[in-house]
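Working notes, beginning with the structure itself.
Read-outs throughout are calculated quantities, based only on the coordinates presented, and are distinct from any laboratory measurement. Everything numeric here is computed off the predicted structure, so don't read it as measured data. Cβ: placed from backbone, ideal geometry, glycine included. Neighbour counts: every protein chain shown.
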Amino acid sequence: MSNTLSNTQDTTIELPDNFFEDYWQHKPCVLRQATSWRPEITAEELAGIACEADADARLIFEENWTLEEGPFTAERFASLPASHWTLVVQAVDQWDEQVAQLKSALPQIPQWRLDDIMVTYAVDQGSVGPHYDHYDVFLVQGQGQRLWRLGPKYNEQTKLLEHEDLLLIQDMIIEDEYLLEAGDILYIPPQYTHWGIAQGECLTFSIGFRAPSYSEAMDSIATHAMSQLQPNQRVEDPPNSIDPQRQQPIAQIHPAVIADLRQALLEQITDKAIAQWLGGVVTLPRTPQEVTYTIDQTQLKTLLEDSSLIRNPGSRFAFYVSSNTNILVFIDGYATEMAIANQAWVEWLCTFDNLLASDYAQMNDESQALILHLVETQSLIFAD
């Protein structure tokens with residue numbers, strides 16, 4: 001038996017029963033013929049995306065590990081050498097519906113961790129170099145073959161190449177090698193060194209997962225907590241911290257003072273405060289929507305008579321049950337609090353395919369108001 005999550009047979013990813021116990025965030029794992037999904041996107045179509053002004057694309061050449069940032073032109077692609085280069089395009093799931101299917105065929109990992117689907121096209125011997133990542137990634141071989149060299153986990157002794165743009169390992173230690181073909185998947189946990197080299201032309205699809213750092217969390221949450229404190233809130237002397245008999249050294253800071261200060265600070269760092277930070281960070285889209293417009297409920301109802309709403313492919317949704325009475329909803333970095341009675345509806349909002357006029361009509365005022373806001377900010381868009 002295997003743990004399997006799939007919306008359609010074509011996008012199934014199968015994992016061994018012991019995957020989460022033995023491999024997830026522990027060590028790399030090769031999954032042979034773990035999916036029947038095959039890409040429809042071609043190298044030419046990927047290059048076309050890389051020519052778009054708002055695409056996140058780069059070319060990497062092995063000679064001196066040269067990096068070029070997009071957008072590119074057709075003339076630039078026509079002038080490229082026959083080997084030893086790679087095209088990398090981020091968030092292709094926002095450009096191609098069939099690639100986006102990979103987002104719904106992932107193992108049972110929380111949706112809020114999902115980042116994007118990065119696509120790498122490489123000619124023979126093309127590579128992005130020996131490196132490590134700060135996040136979990138499933139490398140789905142879509143077309144052709146890629147030789148993967150795996151090394152140890154990065155640590156403070158690992159030497160890096162001196163490079164302004166790329167984080168590359170110097171003299172990477174190679175512990176294992178695997179040749180992946182279409183349908184094979186390589187899972188790499190954070191910090192593990194790896195190096196993929198194309199064996200002929202190939203397409204690789206990287207399903208990445210976000211992993212905010214503790215230092216980032218501490219900085220942001222502490223800053224927020226500080227804003228909640230008043231200037232007149234000061235360190236006080238708790239009971240028994242003053243020694244009238246002067247039996248303790250006069251320069252000593254009493255442990256009770258430290259304990260009292262610690263408690264005062266921790267009271268500001270609540271579960272809700274942490275959730276508000278995390279929910280905001282993990283739902284921030286790669287490319288924020290800059291264009292907003294105003295629409296009222298009457299206009300929205302009229303538009304829904306001839307169309308439906310879908311989630312913007314670049315938008316991210318998550319929620320957190322903050323209490324017995326409330327639920328926090330996060331969309332594209334925006335947070336709002338709703339009554340817990342809306343939880344089933346919020347769960348639907350985070351996963352729905354089409355929102356019809358009949359769906360909108362059945363919503364309560366609180367839900368309709370949120371839908372209206374999401375249309376105005378283009379987190380929800382009208383289907384073609």
Which cross-chain or sequence-distant (5 or more) residues have an amide H under 5 Å from the amide H of Gln143, H modelled 1.01 Å from N in plane? Leu203
Give me the one-decimal nm value for the distance between modelled label points at Ala344 and Thr42, 7 Å along each residue's Cα-to-Cβ direction. 4.9 nm
Full-extension gain in nm, Ile274 to Val321, via 0.36 nm per residue minus C-alpha separation: 15.7 nm
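Mind checking the full-extension length gain between Ser241 and Leu161? Use 0.36 nm per residue of separation minus the Cα-Cα distance, one decimal, nm.
On the way: separation 80, 0.36 × 80 = 28.80 nm, distance 5.41 nm.
Contour length minus the Cα-Cα distance gives 23.4 nm.
Compute, for the chain, the length of the dipole vector about the Cα centre, with Cβ point charges of +1 (Lys, Arg) and -1 (Asp, Glu) only. Units Debye, rounded to 20.
Numbers: 20 positive and 56 negative charges, 208 e Å.
Taking the Cα centre of the chain as origin, the dipole is about 1000 debye.
What number, rounded to the nearest 500 deg cm²/dmol, is the helix-based mean residue ellipticity at 222 nm of the chain, given -39500 (n - 2.57) per DSSP H run of at least four residues and division by all its residues?
Details: 11 runs with 92 residues, N = 384.
The per-residue figure over the chain is -6500 deg cm²/dmol.
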Rounding to the nearest 20 debye, state how big the charge dipole of region 176-323 is about its Cα centre with +1 on each Lys and Arg Cβ and -1 on each Asp and Glu Cβ. 480 debye
Taking amide H positions as placed 1.01 Å from N in the peptide plane, with prolines and chain starts having none, which residues 5 or more places from Cys51, or on another chain, fall under 5 Å of its amide H? Phe72
Could you give the Stokes-Einstein D for region 283-382 in µm² per second, using the C-alpha Kirkwood radius, 37 °C, 0.692 mPa s? 237 µm²/s
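Round to the nearest 0.05 the FRET efficiency obtained for Gln199 and Asn232 when R0 = 45 Å and r is the Cβ-Cβ distance.
On the way: r = 68 Å, r/R0 = 1.51.
FRET efficiency, Gln199 to Asn232: 0.10.
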Might you report the magnitude of the Cβ-based charge dipole of region 283-382 about its Cα centre, with Lys and Arg at +1 and Asp and Glu at -1, to the nearest 20 debye? 280 debye
log10 I(q)/I(0) for region 3-209, Debye formula on C-alpha points only (no solvent), q = 0.15, 0.16, 0.17 Å⁻¹, two decimals, reads -0.95, -1.09, -1.23
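Under the rule a/c < 1.5 gives rounded, and otherwise a/b versus b/c splits prolate from oblate, where does region 226-315 land using the Cα gyration tensor? Don't skip to the end; give the middle numbers.
On the way: a/c = 5.27, a/b = 4.07, b/c = 1.29.
Prolate, because a/c is 1.5 or more and a/b exceeds b/c.
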Residue ranges of DSSP H helices in the chain that stretch 18 Å or more (Cα, own long axis) and have mean Kyte-Doolittle hydropathy of at least -0.5 are 214-228
Here the relative contact order (percent) of region 283-382, from C-alpha pairs under 8 Å and at least 6 apart, is 38 percent
Just to be sure I understand the model, the point goes 7 Å from the Cα along the line to the Cβ. What's the resulting Lys27 to Asp353 distance in nm? 4.0 nm
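Would you order Asp116, Asp124 from fewest to most other beta-carbon atoms within 10 Å of each residue's own beta-carbon? Walk me through the numbers before you get to the answer.
Details: Asp116 23, Asp124 15.
Least crowded to most crowded, the residues run Asp124, Asp116.
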Once amide H atoms are built 1.01 Å from N in the peptide plane, which residues 5 or more positions from Thr66, or in another chain, come under 5 Å H to H? Phe61
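How high is the FRET efficiency from Gln111 to Thr73, r the C-beta distance, R0 30 Å, rounded to 0.05?
On the way: r = 37 Å, r/R0 = 1.22.
My answer for the efficiency is 0.25.
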Filtered hits (aspartates and glutamates, Cα-Cα < 12 Å from Lys159, offset >= 8 within chain) -> Asp171
Each residue of region 129-145 in order: what ³J(HN,Hα) in whole Hz does its phi give by Karplus 6.51 cos²θ - 1.76 cosθ + 1.60, θ = phi - 60°, with x for Gly and Pro? x, x, 7, 9, 10, 9, 9, 6, 8, 9, 9, 8, 7, x, 8, x, 10
So for the pair Ile174, Ala225, with labels modelled 7 Å out along Cα→Cβ, what separation do we get in nm? 4.8 nm
Label-reachable residues, region 161-178, where backbone N falls under 19 Å from a point 7 Å from Thr66's Cα toward its Cβ: 162-168
Please report, in whole Å, how far the alpha carbons of the chain spread along each principal axis, starting with the longest. 84, 63, 48
